[in-house]
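Data block below; observations after.
The values are calculated or read from the model by the stated rules, or taken from the named source; none is laboratory data. A quick note: this is a predicted structure, and the numbers were derived from the prediction, not measured. All Cβ positions, even for glycine, are placed from backbone atoms using ideal geometry, and neighbour counts span all protein chains on display. These area figures cover heavy atoms from the full protein model, side chains too; ligands, DNA and RNA do not enter into them. Shrake-Rupley method; radii C 1.70, N 1.55, O 1.52, S 1.80 Å.
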Amino acid sequence: MTALKQARFWRSLKNACAGVRYAVKTQRNMRIHCGWALLALLAAWWLDVSRADWLLVVFAIGLVMALELVNTAIEAAVDLASEEWHAKAKAAKDAAAGAVLLAALTAAVIGVWVFAPPLVAKLSSLF
């Protein structure tokens, strides 16, 4: 890879990280997703879930966070385009928020699927 391509790559990576930081700093829901993600990762470690289940948990976290970033980008772009209320702007924002909702519900189903059996086993061994 040439020096110019490397510089472009690192600049792109820096910009992407800035986007994640912006979302974490400015979006309450992104902070909530980060909290649940940390809790899920700690639960996966504590419950010693299988490698395949780890992949499901990481996939679910990545899906929710990626869609929250897309939602943030769409909201910012729509707000930039016009400060006035418009039905199509509302539809775009609602659809983006709906995508995050579906991903979060999918993550919740994955969480129950992955965590319920080992959690029940762990708790039953305590009593």
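Ranked by solvent-accessible area (1.4 Å probe, protein heavy atoms only, all chains present), the residues LYS90, LYS122 order from largest to smallest as LYS90, LYS122. What does a probe at ALA73 reach in segment 83-114, counting residues whose amide N is under 12 Å from the point 7 Å along Cα→Cβ? Label zone hits: none.
The heavy atoms of ILE61 present about 40 square angstrom of accessible area, all protein chains included, probe 1.4 Å.
Hey, with R₀ at 41 Å, roughly what FRET efficiency would ASP94 and ARG51 work out to, going by the Cβ-Cβ distance, to 0.05? Efficiency computed from Cβ-Cβ geometry: 0.65.
Rg then Dmax, both in Å and based on the Cα atoms of segment 58-127: 18.0, 60. Rounded to whole Å, the principal axis extents of the Cα atoms in the chain read 59, 47, 22, largest first.
Working note: Karplus 6.51/-1.76/1.60 with θ = phi - 60° gives segment 100-107 the couplings 5, 4, 4, 5, 5, 5, 4, 5 Hz, where Gly and Pro are set to x. The modelled label-to-label distance between CYS17 and MET1, using points 7 Å beyond Cα along the C-beta direction, is 1.4 nm. Between the beta carbons of PHE9 and LEU42, assuming R0 = 22 Å, the FRET efficiency works out to 0.10 to the nearest 0.05. Within the listed set ALA77, ALA23, ALA107, the Gaussian network model of the chain (springs between alpha-carbon atoms below 10 Å) gives the highest mean-square fluctuation for ALA77.
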